[in-house]
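Notes for the one structure printed next.
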Amino acid sequence: MSRSSCHLFLFLLLFSLFPFPLLARPFVLVLSQDDLKDVQNDDASPLDSDSSWDDDDFGGTHVKPDDELDPGSWRRLFEPPTTLLSPSHDTSLDSYYAAVHKIISASNNGDARLMEEAAAEIETAANTDGDPHARSVLGFLYGMGMMRERNKAKAFLNHYFAAEGGNAQSKMALAYTYSRQDMHEKAVKVYAELAEIAVNSFLISKDSPVIEPIRIHNGAEENKEALKKSRGEDDEDFQILEYQAQKGNAGAMYKMGLFYYFGLRGLRRDHTKALMWFLKAVDKGEPRSLELLGEIYARGAGVERNYTKALEWLSLASEHGLYSAYNGMGYLHVKGYGVEKNYTKAKEYFDKAADNEDAGGHYNLGVMYLKGIGVKRDVKIACKCFIVAANAGQPKAFYQLAKMFHTGVGLKKNLPMATALYKLVAERGPWSSLSRWALESYLKGDMGKAFLLYSRMAELGYEIAQSNAAWILDKYGERSMCMGESGVCTDAERHQRAHSLWWQASEQGNEHAALLIGDAYYYGRGTVRDYERAAEAYIHAKSQSNAQAMFNLGYMHEHGQGLPFDLHLAKRYYDQALELDPAAKLPVTLALASLWVRKNYADSFLVHVIDSLPEVYPRVEEWVENVIMEEGNATILTLFVCLLTVLYLRERQRRHAIAAAGAHEPNEHVVPAAR
């Protein structure tokens, strides 16, 4: 492929990697011509020497169970197996799970004594027995300051040794720690390993749906709409769908199978139920189930693995116009599963999928060109294919682009970009189940358990978990059952922990978190009052085009708090806030009124009265709470008085002007007195 033709695809590309929820800015990748690397396809490159390129980049069907991919996971406690497990004779593992069970129970009930007992057992298993999973939990306790003095160094060391022992969640925690400190050479290696685990669990034919963790709030209020759709079998809409499926509706049967296969809408994954509904849907003539039946038999999900049956189902699906099924057929021919290995045939199938605008087809062609499988190796064509697939939302393509940025194959080496891409893929690994368990606990009203699980997930670098855990602390206070260094959290410990969680979320683009950090510094909540740091946080939120942040910056410029006193800049920020959000009309109008008073009556009694109102405000707080219930009441009250003052002054000016004009009128306009 010529450089000029590649330029057509790469001169400027912007795409969102995953549909991020409300309040977090989407990750946008911009690729330009400068990112391209002039690669001679016949030359030696890192592809020939780097073992990371020897993996099964098509995605594998020989996937290990989640417990093997995520050893030490709490899955056994939240998703106990339906069949009895054979005794493992591993007493240390049994002791570990018994201690974790105590931690969960203590967190849910606010039992400090039981929590201390569990923490001691975990510490013994970690330090005496060297159990990597116990080390991982001990790192979590030190990192959060739960029944142990908060100590980042001890948290890091425990996670480091736990990761060395194979604990995947500690690897996530380590990688996140490295990335926060811009230690990209270390972060990228760990995230690459974790992303590989995640990508090999993806489907071979169609794209797996992106199951994002649910944000339980939308800023100030609970996210009721999202929570309503996550109640699993208790959801009224799900019950209606189930009723329709039982009555023979083929589309409803397919959706039931889909929900159970992927664990959507708050349901637990159940491959047996999924298989049952897909088979019933096929009997009713629903073609979309054909492809997933092929996937099920290729993976052995709920049935014995059978590649021959998988190919039959996938072939039927392709005949019904489900072009993504060609990816599965091509994969089986590449691997020689159930058929003789045939690269030419595989490429034909991938071409058919790509020709019908299927992202998976472009991805698989990219792998063939990257490795020279059945075609002449061409890294530039591979790069183009991966970009097209990624632009269509294909998650495996993000992984390949991450590897290109990591190794410098096809794209210029860029470790920060590789780290960010690997992280997004790695977050879809089996450890993401923590979010599902946390949400289930939250919906049941088990706030302590929900907070514990979101906190564990927050430590792994999930922005939504950081935001959710912080929101639970702020919203539910003592009901969050937050555990501190010596028992249930004090108010100071809760504020400090919420502050830390919001700060981490703000670093990852959560504008609401940045606002709350600014508020914490401005009002001195959970930290020392610091107007300059408040301004820094508001500026961070403002960079994400947040109207509230712009308003706050205007207010700080108006009063010279943490920022230079500058009425012109204050007005500019107020105007920008109104441009971004028409709902800001009232507060902006009040603020502009305050500016008018300051400009026209500087150093007057009126300005001193306005500035003193926030100090007077606490004395009448109880009354105001019954009138104005939102954050920043003192400011609104102050600005409202400003508006009334402006109206009064302008009316007085108008009357004076009329009186002055009347005093200078010619005599002939004077009405003669009555005789």
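The values are calculated or read from the model by the stated rules, or taken from the named source; none is laboratory data. Worth saying up front: this structure is predicted, and the values here are computed from it rather than measured. All Cβ positions, even for glycine, are placed from backbone atoms using ideal geometry, and neighbour counts span all protein chains on display. These area figures cover heavy atoms from the full protein model, side chains too; ligands, DNA and RNA do not enter into them. Shrake-Rupley method; radii C 1.70, N 1.55, O 1.52, S 1.80 Å.
The range 301-384 holds helices (runs of 4 or more DSSP H) entirely within its bounds, and those carrying 3 or more residues that are more than 22 Å from residue 395 (Cα to Cα) and open to solvent by 20 Å² or more (accessible area, probe 1.4 Å) map to 307-319, 343-355.
Check residue 415 against each of (1) open to solvent by 20 Å² or more (accessible area, probe 1.4 Å); (2) more than 21 Å from residue 509 (Cβ to Cβ) and name the one condition it does not meet. The number of the failed condition is (2).
With 133, 101 as the choices, which residue is within 29 Å of the chain's Cα centre (by Cα), free of Cβ contacts under 8 Å to residues at least 40 places away in the same chain and open to solvent by 20 Å² or more (accessible area, probe 1.4 Å)? None of the others qualify; the one that does is 101. Do the conditions hold for residue 194, that is, is it within 25 Å of the chain's Cα centre (by Cα), open to solvent by less than 10 Å² (accessible area, probe 1.4 Å) and free of Cβ contacts under 8 Å to residues at least 60 places away in the same chain? In short, no. From the list 319, 295, the one residue that fits, being assigned by the TED database to the domain that holds residue 269, charged (D, E, K, R) and at pLDDT below 90, is 295.
Scanning the range 254-293 for residues that are of a type in the set (Asp, Glu) and not in a loop (DSSP other than H, G, I, E, B) returns 283, 291. Scanning the range 408-423 for residues that are polar (S, T, N, Q) and under 18 Å from the mean Cα position of the chain (by Cα) yields one hit, 419.
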